[in-house]
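A.B. asks: My structure is below; once you've seen it, I'll send some questions.
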């Protein structure tokens with residue numbers, strides 16, 4: 001019995017002393033960060049989506065120097081920047097349609113226009129301002145339609161209204177466009 005009383009007394013003493021330790025004080029706030037020099041690189045990204053799979057290729061340009069100054073709530077930065085470009089190509093090849101959508105830098109528009117001029121029938125070309133449209137109708141439905149404007153392309157091919165040979169040519173055209181946009 002003495003052993004139990006001794007153990008109980010020791011346990012109570014331990015618990016009582018544990019409660020007397022003061023709580024840990026809160027961590028003081030972090031002081032503002034001083035001005036820092038940072039190197040920033042401008043990147044060129046190409047994103048291609050084919051049948052739901054996305055492929056990304058990127059390359060870097062020369063580094064850009066920047067100085068960032070920050071305080072507790074506001075952040076300011078001054079930098080000299082170089083241009084960056086972004087290209088996105090999405091291709092969808094389903095049972096009934098083939099489509100391509102692309103967005104790219106405006107300076108690439110002329111290269112894409114030339115590819116389309118070389119591969120699509122000029123009889124179905126119309127233009128308004130900087131927008132070029134190739135559209136062939138079969139029984140009132142669009143057999144194909146390609147619309148090119150500054151930095152954008154949208155093409156749709158109805159496979160039911162085109163021969164297999166013609167559809168294959170449109171697929172090859174899409175590959176040429178993707179390649180031309182990814183090569184600078």
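A.B. asks: Among the residues that make up the stretch 75-91, is at least one of them modelled with pLDDT under 95, more than 16 Å from residue 151 (Cα to Cα), over 21 Å from the mean Cα position of the chain (by Cα) and surrounded by 11 or more Cβ atoms within 10 Å (Cβ to Cβ)?
C.D. replies: yes
A.B. asks: Shifting gears a bit: Please count how many residues of the stretch 130-184 are in contact with a strand residue (DSSP E or B) (Cβ under 7 Å, 6 or more places away or on another chain) and either more than 16 Å from residue 99 (Cα to Cα) or not in a helix (DSSP H, G or I) (or both).
C.D. replies: Looking only at that region, the number is 28.
Let's see how each residue does on (1) surrounded by 13 or more Cβ atoms within 10 Å (Cβ to Cβ); (2) in contact with a helix residue (DSSP H, G or I) (Cβ under 7 Å, 6 or more places away or on another chain):
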{"position": "98", "(1), (2)": "yes, yes"}
{"position": "114", "(1), (2)": "no, no"}
{"position": "136", "(1), (2)": "yes, yes"}
{"position": "160", "(1), (2)": "no, no"}
{"position": "174", "(1), (2)": "yes, no"}
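A.B. asks: Being within 20 Å of the chain's Cα centre (by Cα) and modelled with pLDDT of 95 or more: is that true of residue 100 here?
C.D. replies: yes
A.B. asks: Inside the stretch 103-121, can you point out the residues that are within 21 Å of the chain's Cα centre (by Cα) and not in a helix (DSSP H, G or I)?
C.D. replies: Residues satisfying the conditions are 103, 104, 105.
The values are calculated or read from the model by the stated rules, or taken from the named source; none is laboratory data. Just so it is clear, the model here is predicted, and its values are computed rather than measured. As a convention, Cβ positions derive from the backbone with ideal geometry for all residues, glycine included, and neighbour counts pool all protein chains shown.
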